[in-house]
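See structure below.
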Amino acid sequence: MSLPMATPDTDIDLWLKQQTDKSLLRFLTCGSVDDGKSTLIGRLLYDSQLILDDQLASLRKESHNRITGDEGIDFSLLVDGLTAEREQGITIDVAYRFFSTDKRKFIVADTPGHEQYTRNMATGASNADLALVLIDARKGVLTQTRRHSFILSLIGVKHVVLVVNKIDLVDYDQAVFDRIVAEYRAFAEPLGFKTLAAVPVSALRGDNILAPSVHTPWYDGTALVPYLESIDVSEDRTAEKFRFPVQWVNRPDLDFRGFSGTVASGSIAVGDDVLIASSRQPAAVRRIVTMDGDLDRAVAGQAVTLVVDREVDISRGDVLSRPGETPEFSNQFQARLIWMNEESAFPGRSYLLKVGSQLVPATITDLKFRTNVNTLEHTAATKIDLNEVATVTIATDKPIAFDPYAANALTGGFILVDRLSNATLGAGTIEFGLRRAQNLTYQSFDVNRDVRARMKGQAARIVWFTGLSGSGKSSIANLLEKRLTAEGRHAYILDGDNVRHGLNKDLGFTEAARVENIRRVAEVARLMADAGLIVLVSFISPFEKERRLAREIAGDIDFTEVYVDTPLAVCEARDPKGLYKRARAGEIKNFTGIDSPFEPPQAPELVLHGGEQEPVTLADALHDWLKL
Amino acid sequence: MTTGALTHLQSLEAESIEILREVAASFERPVMMYSIGKDSSVLLHLARKAFFPSRIPFPLLHVNTTWKFREMIAFRDSMAEKYGFDLISHTNPDGLRDNINPFDQGSSRFTDIMKTQALRQALNAGRYDAAIGGARRDEEKSRAKERVFSHRNANHAWDPKNQRPELWRVFNTRLNPGESMRVFPISNWTELDVWTYIYSEGIELPSLYYAKSRPVVDRSGTLIMVDDDRFRFEPGEVPRQEVVRFRTLGDYPLTGAIRSTAATLPEIIMEMQASRTSEREGRLIDSDSVGSMEKKKQEGYF
């Protein structure tokens, strides 16, 4: 049997061993718009012969009318994957690319240069060992270059290669290169990179990519790819303190109880003592279980299942360590935050914080300062906007186990999640823990409506139902309340039944009494909304003036006037409480619709036709409209 | 490599196991897509490892278009029996009733009805909040940008411009009512990684991946295997026996075979290393138009 395409002396086992033994380098490319990141990655893929025939054919077709190198290809087309990007000609989201040489495998995160997508750059950096910082030789060091370099240092990328691209467009001028490198080194000095190299390249033409270019005889460093193949980025995480965040409790039957997770750092062996961070309970490792058989020892990066020698309470989110080398366990810490959402961050807001497998409610208790990413200067601030970096203190609802990010990225890096939309709002790196007694700074923010509402996972508002007696206001309000409650929201209905019999039982039905009735209800609604509730007010409220009063009392609280427009004949036919009958008989005076007018709202936010659709349909429609 | 002690494949394996465990721990009703191909086979192997000695704590879902290679179905059932996982097979009943097939409707419409719509039906019926898939970032350009935990709205649609930032291995698994997550544990694997892993772990695959003499017809350069008597021949067309194998598996009338004599895993890997065409070329659905995969994903295709 022949081995097609294989060289005669190929030994498949040897070859496969060579493949699996290759080391892996994860790097990212960053820089400003149009610096040529996508072109550079396309070039790397092309030069490592990873562009296949069918891709090449379609590429040549698409490269028509674009700037191309000698190969007739616009390399950026290879990596600009999304249609939106093709149309806009910019890279808007981080893309992962794979290539390998004889010496190494590479995973490349191609990250966006456009300012509004800086959050994606931080994403790419979080899993990278090294960064290529691209600079257009014609433009030099730009704001984006500084911003991205600062984010690299914040995320802890230790190795940087300054790639001065488009060197062909400055006539391979050494002076230009030297000036850019000097400027960048001066800026990057306080950022603490372990290694910083600089290479002059033309990604389009291929200069100094695979081999030294004849056009830059003055450059005596290595070409880019050989440099990436040889740089040592390894850090011996096995020698660090043992950290094992428990991900999943493995319990197939009553006889087996194991704790599954990935060793974040350090190593552990059968017989070793461990301590549970939350309870401080000790135990000893009895087995290290994998499907391939039990291990004697597990090291950083391995996904295993630990069995301990005694019955202890361990659940998801717990962190195991060695006694005497425990992580911090606290509910307060100082951190640096990168904000990644259009909605700004404010002290006092409640978010969900996830670090490792721990998820807890958390609040920014103090915004110490914002860091100007261009000058690295600190400035005072009251909020953090999209793409800004700030130093904050954070309080969690219960203590969590963590390490400073500089000591351990996997137990010191966290994300903040919005409690309403569940969007990822920001990412943070823990600097150090704060002791509870000394540093509680709750007085630095006001407990206000917004804070209270967010604790309930909602936005406070008043929904005011107006309409004739029997129009269906209360039925709709009740159904809406049920649905909101089922969704975990906190709502409350104010209606004639629970107000007239208590708070307003001293009021009759004269015009003055009705105005006072509405005023009191509106005030109560405002207080309840201020407490963070969704308040549903179901009152006939027949007069435009009263409804306007209610809206004025609500002030800045979101106020929705819902007119349940049901014809009088329908209401009278329903007559659930027999009131119309009694009003017609003259037993009740001033009854709305009979001998007292109903002024239809002039500009309600929403009209529901109670005579045409079922209350449940209307309640659902209202729910959708309110976008709760 | 930052971990120092593990090989490249070992760290990829550990990363995938961590992702699978995160799904089991964070979602109420996860499901794993099982397409019977090599990536699915790797995924199944990883899931068995992730939860050992427990059984896989979620069902496997196969969207059956009824046009899969017959051998795939037999292989699927033998795996379910051997490893004792819960298997759910779903076929779009509307498509079945209307006799939707790749010959009359064409690949695009057929795929929409029997795959995309069928998948939506199955996910809705199971009220699954997380669906695990075997897609890899090296497969296709729009996949290169997808998150490991990829958010879907209540209509199963992907919004590529509004993806959640995904840092370190801290995955945001939170959902609002009706929303769901697609999870891709082998995002960071390449095709070569998959093959070398299959080799080193001894993972079973359907024999369609290995070269054998099979009855095929040549449709403008694409070799289509005649797997059953539902095949529609063009006038004068006669199947020929050729030694072929498949690089990907799917619906037999839509999956091109390649001429190859690679009958063992080492031969396949060596051949693949020397090959000059990308894996998805054999799949007819991707070449419909530029950006077609991205469009399908926005509509809910996996």
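The values are calculated or read from the model by the stated rules, or taken from the named source; none is laboratory data. Please read these numbers as outputs of a predicted model, since none were measured by experiment. Glycine gets a Cβ as well: all are built from the backbone with ideal geometry, and neighbour counts include every protein chain shown. Accessible surface areas use protein heavy atoms only, side chains included; no ligands, DNA or RNA. Shrake-Rupley method; radii C 1.70, N 1.55, O 1.52, S 1.80 Å.
Could you work out the local net charge near A:LEU352, counting Lys and Arg as +1, Asp and Glu as -1, over the other residues with Cβ closer than 9 Å to its Cβ? Don't jump to the answer; show the numbers that get you there.
Working: positive: A:LYS354, A:ARG419, B:ARG174; negative: A:ASP418.
Neighbourhood net charge equals +2.
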Could you give the semi-axes, largest first, of the ellipsoid that matches segment A:328-445, computed as the square roots of 5 times the alpha carbon gyration tensor eigenvalues and rounded to whole Å?
19, 16, 15
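Filter the trypsin sites (Lys or Arg not before Pro) in segment B:113-152 to those in DSSP coil with at most 14 other Cβ atoms within 10 Å of their Cβ, and list the result. Please report the intermediate quantities before stating the final value.
Details: sites: B:LYS115, B:ARG120, B:ARG127, B:ARG136, B:ARG137, B:LYS141, B:ARG143, B:LYS145, B:ARG147, B:ARG152; in loops: B:ARG127, B:ARG136, B:ARG137, B:LYS141, B:ARG147.
Loop-located and lightly packed - B:ARG127.
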Could you report the accessible area of B:TRP67 in Å², rounded to 10, computed with a 1.4 Å probe on the protein chains as they sit in the structure?
10
q = 0.16, 0.18, 0.23, 0.26 Å⁻¹: log10 I(q)/I(0) that the Debye formula gives for segment A:237-321, counting C-alpha atoms only
-0.52, -0.67, -1.15, -1.52
Aspartates and glutamates within cross-link reach of A:LYS166: Cα-Cα under 13 Å, excluding same-chain residues under 8 positions apart?
A:ASP34, A:ASP35, A:ASP136, A:ASP207
Measuring from label point to label point, each 7 Å out along Cα→Cβ, what is the A:LYS482 to A:ILE588 span in nm?
2.4
The protein assembly as shown - share of DSSP beta bridges that are antiparallel (%, nearest 5)
60
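What's the total accessible area buried between chains B and A, using a 1.4 Å probe, rounded to the nearest 100 Å²?
Working: alone 14520 and 29950 Å², together 37130 Å².
Summed over both sides, the interface buries about 7300 Å².
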Taking the Cα centre as origin and putting +1 on Lys and Arg beta-carbons and -1 on Asp and Glu beta-carbons, what dipole magnitude results for the protein assembly as shown, to the nearest 20 debye?
1960
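Test of the criteria: in segment B:7-91, which GluC sites (Glu not before Pro) are in a DSSP loop and have at most 12 other Cβ atoms within 10 angstrom of their Cβ?
Numbers: sites: B:GLU13, B:GLU15, B:GLU18, B:GLU22, B:GLU28, B:GLU71, B:GLU81; in loops: B:GLU28.
For GluC sites (Glu not before Pro) across segment B:7-91 that sit outside H, G, I, E and B with at most 12 neighbouring Cβ atoms in 10 Å, the list reads B:GLU28.
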Net charge near B:SER207 (other residues with Cβ under 11 Å of its Cβ; Lys, Arg +1; Asp, Glu -1) is +1
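So if the hydrodynamic radius of segment A:110-242 is defined as the Kirkwood radius over C-alpha pairs, what does Stokes-Einstein give as its diffusion coefficient at 37 °C and 0.692 mPa s, in µm² per second?
On the way: Rh = 15.6 Å.
This corresponds to a translational diffusion coefficient of 211 µm²/s.
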Taking only protein heavy atoms and a 1.4 Å probe, the highest-to-lowest accessible-area order of A:ASP21, A:ASP173 is A:ASP21, A:ASP173
With the charge dipole of the protein assembly as shown built from beta-carbon charges (+1 for Lys and Arg, -1 for Asp and Glu) about the Cα centre, the Cα from B:GLN117, A:THR466, A:GLY593 projecting farthest to the positive end belongs to A:GLY593
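Under the classification rounded if a/c is under 1.5, otherwise prolate if a/b is larger than b/c and oblate if not, where does segment A:461-626 fall, given a ≥ b ≥ c as square roots of the Cα gyration tensor eigenvalues?
Details: a/c = 1.67, a/b = 1.22, b/c = 1.38.
Cα axes put segment A:461-626 in the oblate bin.
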Compactness of chain B - radius of gyration and Dmax, Cα, Å:
19.0, 61
With all protein chains modelled, accessible area of A:VAL270 [1.4 Å, Å²]:
70
Does anyone have the angle between helix B:265-274 and the longest principal axis of chain B? Alpha-carbon axes, 0 to 90°, nearest 10?
90
Rounded to the nearest 10 degrees, what's the angle between the helix B:70-83 long axis and the longest principal axis of chain B, both from Cα atoms, 0 to 90?
30
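Shielding of A:292-303 by partners, i.e. mean partner chain Cβ atoms within 10 Å per residue?
Working: counts 3, 0, 0, 0, 0, 0, 1, 4, 7, 11, 8, 14.
Partner Cβ neighbours, averaged per residue: 4.
Rounded to the nearest 20 Debye, what is the dipole magnitude of segment A:461-626 about its Cα centre when Lys and Arg each give +1 and Asp and Glu each give -1 at the C-beta? Before the final figure, lay out the partial values.
On the way: 21 positive and 26 negative charges, 103 e Å.
Dipole of segment A:461-626, to the nearest 20 debye: 500 debye.
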Debye log10 I(q)/I(0) for segment B:72-129, one point scatterer per Cα, at q = 0.23 Å⁻¹
-0.95
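Rounded to two decimals, what is Rg over Rh for segment A:315-393 when you use alpha-carbon atoms and the Kirkwood radius?
Result for segment A:315-393 is an Rg/Rh of 1.05.
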At a probe size of 1.4 Å, how large is the accessible area of A:LYS456, to the nearest 10 Å²?
60
Treating the angle as unsigned and between 0 and 90°, give the value, to the nearest 10°, between the Cα long axis of helix B:8-26 and the longest Cα principal axis of chain B.
70
Specify, per residue and in Å³, the volume enclosed by the convex hull of the alpha carbon atoms belonging to the protein assembly as shown.
212
Mean separation of Cα contacts under 8 Å (at least 6 apart) over the residue count of segment A:461-626, i.e. the relative contact order in percent, is 36
Where does the charge balance sit around A:LEU606 when Lys and Arg score +1, Asp and Glu -1, over other residues with C-beta under 15 Å from its C-beta?
-2
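Which links in A:LYS354/A:LYS398; A:LYS368/B:LYS145; A:LYS158/A:LYS241; B:LYS68/B:LYS161 stretch past 24 Å when you go from one Cα to the other? Could the numbers behind the result be given before it?
Details: A:LYS354/A:LYS398 13 Å; A:LYS368/B:LYS145 35 Å; A:LYS158/A:LYS241 20 Å; B:LYS68/B:LYS161 34 Å.
Check vs 24 Å cut-off fails for A:LYS368/B:LYS145; B:LYS68/B:LYS161.
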Measuring with a 1.4 Å probe in the full set of protein chains, what accessible area per residue, in whole Å², belongs to chain A?
42
Counting pairs of alpha carbon atoms under 8 Å apart in space and at least six apart in sequence, what relative contact order in percent does chain B give?
20
Just need the relative contact order of segment B:101-182 here, percent rounded to a whole number, with Cα pairs under 8 Å and 6+ apart.
31
